[in-house]
């Protein structure tokens, strides 16, 4: 996997993402929506070029599968609480940027497992230099670029609640609401994950979850009728009350209403 400096173009963009979702027209195509929103300059960006960059980032994160994009629109327009929507947006944001993903899975998770909770820019820069040595970064990044990338990564993860603190950051106790967990589990199931593989999927590491903790989430989701979870020894069966993500979001919304 070759890493890029994509993170320099955009961080978490949470307010802009919510604005995009709330102004999305589900009757139009992705291209038509992006053109309309860019022309209306809903983000109030200083330049048209900057607006185009933001739109490209949104397409990469949330709109490569139109069904996913539309499901997020439904959640936003039906007022899914921000603390429930944010982990879902984080999941797709990290999925669209290999450097951001591996910063969590290969750097933060390992330090956390070793009991190291404090993170600063120099810590991450040392890891980036090691990845350059390993050939994961093909460009010869300058010291200035290394600093900017490290700061961008840490700021983005802070905004998503994975880290906390300003100049001195620590790994946060990540709060993953069960409805957000269920949405992500449904998405993973759609890419041909069996019950056992779904529990052990390494992407749960984005929330620092162990397989045992993932199982507990599935039990909670079962109790809320978000899914059916059955385990008999090593055999695990997980079923959802919908076949399509655009239908499952309404299950999510009903559960969220009961919880709140």
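The values are calculated or read from the model by the stated rules, or taken from the named source; none is laboratory data. Keep in mind that what you see is a predicted model, and the values were worked out from it rather than measured. In this analysis, Cβ positions are derived from the backbone assuming ideal geometry, glycine residues included, and neighbour counts consider all displayed protein chains.
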Might you let me know whether the stretch 219-236 holds any residue that is farther than 22 Å from residue 77 by Cα, part of a helix (DSSP H, G or I) and under 20 Å from the mean Cα position of the chain (by Cα)?
yes
Which residues, taken from the stretch 1-27, are out of contact with any helix residue (DSSP H, G or I) (no Cβ under 7 Å at 6 or more places or on another chain) and loosely packed, with under 13 Cβ neighbours inside 10 Å?
2, 15, 27
Residue among 198, 157 that is in contact with a helix residue (DSSP H, G or I) (Cβ under 8 Å, 6 or more places away or on another chain), outside any loop (DSSP other than H, G, I, E, B), assigned by TED's automatic domain parsing to the domain that holds residue 253 and crowded, with 16+ Cβ neighbours inside 10 Å:
198
Kindly provide the set of residues from the stretch 14-59 that are within 17 Å of residue 86 (Cα to Cα) and either without any contact (Cβ under 8 Å) to a residue 60 or more places away in the chain or in the same structural domain as residue 161 (by TED's automatic domain parsing) (or both), ordered by number.
15, 16, 19, 20, 21, 22, 57, 58
